[in-house]
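The values are calculated or read from the model by the stated rules, or taken from the named source; none is laboratory data. Computed from a predicted model, the values in this text were never measured in an experiment. Here the Cβ positions follow ideal geometry from the backbone for every residue, glycine too, while neighbour counts run over all protein chains shown.
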Amino acid sequence: MRILSLESSCDETGVALFDAVEGVQPRLIVEKLASQERVHELYGGVVPELAAREHLRNLPYLVSSALQEAGVTVKEVEAIGVTRGPGLKGCLLMGFCFAKGMAAARELPLIGVNHIEAHLCSAMLDNPDLEYPFLVLIVSGGHTEIVEALGLGHYKVLSRTIDDAAGEAFDKSANLLGFPYPGGARLAALADSCGRSRFKLPKVMREAPGFSFSGLKTAVALLIKEAGPSAGEPEIKAELAYAIQDSIVDALCFKLRRAIKETGISRGAVVGGVSANRCLRQRVSEIKGVSAAFPKLLHCVDNGAMVGYVAALRLLRGERTPLDADVLARWPLERLA
Ligand code: KG4
Ligand code: ZN
């Protein structure tokens with residue numbers, strides 16, 4: 001079955017087309033992505049109303065260009081997958097209403113997908129040999145969780161953040177260093193170009209079960225204050241970036257190692273926007289006795305392919321979302337079981 005999927009939960013509009021056949025991995029035919037980074041950069045963060053309007057503008061264009069590239073007409077689409085939550089309500093509504101409209105007009109099955117589950121499954125989308133059970137570190141701009149994945153829809157959340165997400169910690173620290181939003185990747189590139197630091201940040205809350213990154217921002221602000229005007233010098237700025245990245249990556253790897261030890265599971269995956277981070281990928285790969293899987297860089301950030309992959313699996317299981325269903329701005333993984 002040909003399934004068209006849409007993602008619009010935050011500030012990326014994603015569209016993908018999959019071929020779903022019983023007994024084989026869903027096959028990605030084409031995908032399209034429109035980033036809104038430029039729109040929100042001006043405001044230092046995502047403006048939900050602007051993001052929603054951008055989705056509305058982007059969706060028809062991305063859908064028609066994806067279908068055209070695949071050589072498929074709209075009449076040949078056999079099911080619609082769409083992110084139902086969690087996310088920004090106005091943004092979710094744009095994709096969900098668009099999908100419902102298409103499904104209603106042509107009497108097609110609709111599959112509402114959980115965005116966190118889509119990130120989680122992006123590891124399998126790009127590593128088809130990855131088998132359950134595996135441990136997943138989900139690190140994005142909105143989520144930081146370690147999850148024991150036992151099967152599609154069967155997840156045990158072992159650890160999650162009690163305040164900021166890892167991506168947020170990168171972006172807020174980057175902002176303190178003077179980078180425009182979202183500065184995570186730019187901070188990481190600067191840190192990698194330097195490779196060392198004279199600065200030491202306190203270890204981020206190691207022993208507690210959950211993650212906490214809010215204290216890091218205060219520590220970074222203090223460090224920058226102490227450095228005074230020299231904080232703007234290229235060498236000092238790069239060393240500050242290195243110390244920040246090292247501190248966030250250390251916190252993530254510490255808890256991942258502990259989860260591996262506690263569960264005895266030796267298959268691991270890292271997904272979400274921050275999984276594009278080179279230092280994190282390297283340090284997770286160095287954890288002894290663990291095979292680590294990562295999505296392609298294109299599938300780390302929000303995208304339509306990860307949504308289509310989950311929609312295809314659920315469609316083949318006979319699942320359908322009723323056309324009178326609503327979006328779910330809050331939708332924790334535990335509620336999927
Ligand atoms: O998964 P994603 O696109 O959005 C959410 O669902 O939240 O993740 C975006 C986050 C941003 O905070 C961004 O700064 C961060 O991922 N990010 C990075 C890198 N690339 C993206 N953080 C650190 N290093 C990177 N290379
Ligand atoms: Zn996301």
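Structure data summary
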item	result
Residue that is surrounded by the most Cβ atoms within 10 Å (Cβ to Cβ) [pool: residues in segment 325-337 that are touching a helix residue (DSSP H, G or I) at 6+ places or on another chain (Cβ under 9 Å) and part of a loop (DSSP other than H, G, I, E, B)]	Val327
Residues located in segment 6-26, provided they are away from ligand 1 (no atom under 16 Å from the Cβ), assigned to a strand (DSSP E or B) and under 23 Å from Gly273 (Cα atoms)	Leu17, Phe18
Of all residues in segment 42-91 being among the acidic types (Asp, Glu) and surrounded by fewer than 18 Cβ atoms within 10 Å (Cβ to Cβ), the one that is nearest to Thr13 (Cα to Cα)	Glu49
Sole residue being within 13 Å of ligand 1 (Cβ to nearest atom), modelled with pLDDT of 95 or more, within 25 Å of Ser197 (Cβ to Cβ) and not in a helix (DSSP H, G or I), chosen from Val274, Val270	Val270
Condition check for Ser230: without any contact (Cβ under 8 Å) to a residue 12 or more places away in the chain, over 27 Å from Thr161 (Cα atoms) and either part of a helix (DSSP H, G or I) or touching a strand residue (DSSP E or B) at 6+ places or on another chain (Cβ under 7 Å) (or both)	yes
Options Gly112, Gly87; residue that is at pLDDT 95 or above and on the phi > 0 side of the Ramachandran plot	Gly87
Filter result for Cys194 (over 27 Å from Val290 (Cα atoms), buried (at least 16 other Cβ atoms within 10 Å of the Cβ) and away from ligand 1 (no atom under 12 Å from the Cβ))	yes
Criterion: surrounded by 14 or more Cβ atoms within 10 Å (Cβ to Cβ) and without any contact (Cβ under 8 Å) to a residue 40 or more places away in the chain - qualifying residue of Ala269, Ala311, Ala292	Ala292
Residue within segment 213-227 that is among the charged types (D, E, K, R), surrounded by fewer than 17 Cβ atoms within 10 Å (Cβ to Cβ), in contact (Cβ under 8 Å) with a residue 40 or more places away in the chain and assigned to a helix (DSSP H, G or I) present	no
Test for Glu131: is it at pLDDT 95 or above, out of contact with any strand residue (DSSP E or B) (no Cβ under 8 Å at 6 or more places or on another chain), farther than 23 Å from Glu207 by Cα and not hydrophobic (A, V, I, L, M, F, W, C)	no
Some residue of segment 299-310 being assigned to a loop (DSSP other than H, G, I, E, B), farther than 30 Å from Arg198 by Cα and more than 24 Å from the chain's Cα centre (by Cα)	no
Single condition Ile244 does not satisfy, out of (1) under 28 Å from Gly81 (Cβ atoms); (2) crowded, with 18+ Cβ neighbours inside 10 Å; (3) touching a residue at least 60 places away in the same chain (Cβ under 8 Å)	(1)
Entirely in segment 33-131, the helices (runs of 4 or more DSSP H) that have 1 or more residues that are within 23 Å of His154 (Cα to Cα)	115-126
Positions within segment 79-128 being among the charged types (D, E, K, R) and in contact (Cβ under 8 Å) with a residue 40 or more places away in the chain, in sequence order	Arg84, Lys89, Lys100, Glu117, Asp126
Residues that are under 25 Å from Phe18 (Cα atoms) and surrounded by fewer than 18 Cβ atoms within 10 Å (Cβ to Cβ), drawn from segment 134-156	Leu150, Gly151, Leu152, Gly153, His154
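Let's see how each residue does on (1) without any contact (Cβ under 8 Å) to a residue 60 or more places away in the chain; (2) away from ligand 1 (no atom under 13 Å from the Cβ); (3) buried (at least 23 other Cβ atoms within 10 Å of the Cβ):
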| site | (1), (2), (3) |
| --- | --- |
| Leu130 | no, yes, no |
| Leu158 | no, yes, no |
| Ile162 | yes, yes, no |
| Ser173 | no, no, yes |
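Let's see how each residue does on (1) among the polar types (S, T, N, Q); (2) in contact with a Ser or Thr (Cβ under 8 Å, 6 or more places away or on another chain); (3) not in a loop (DSSP other than H, G, I, E, B):
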residue	(1), (2), (3)
Ala149	no, no, yes
Tyr155	no, no, yes
Pro182	no, no, no
Arg198	no, no, no
Pro209	no, yes, no
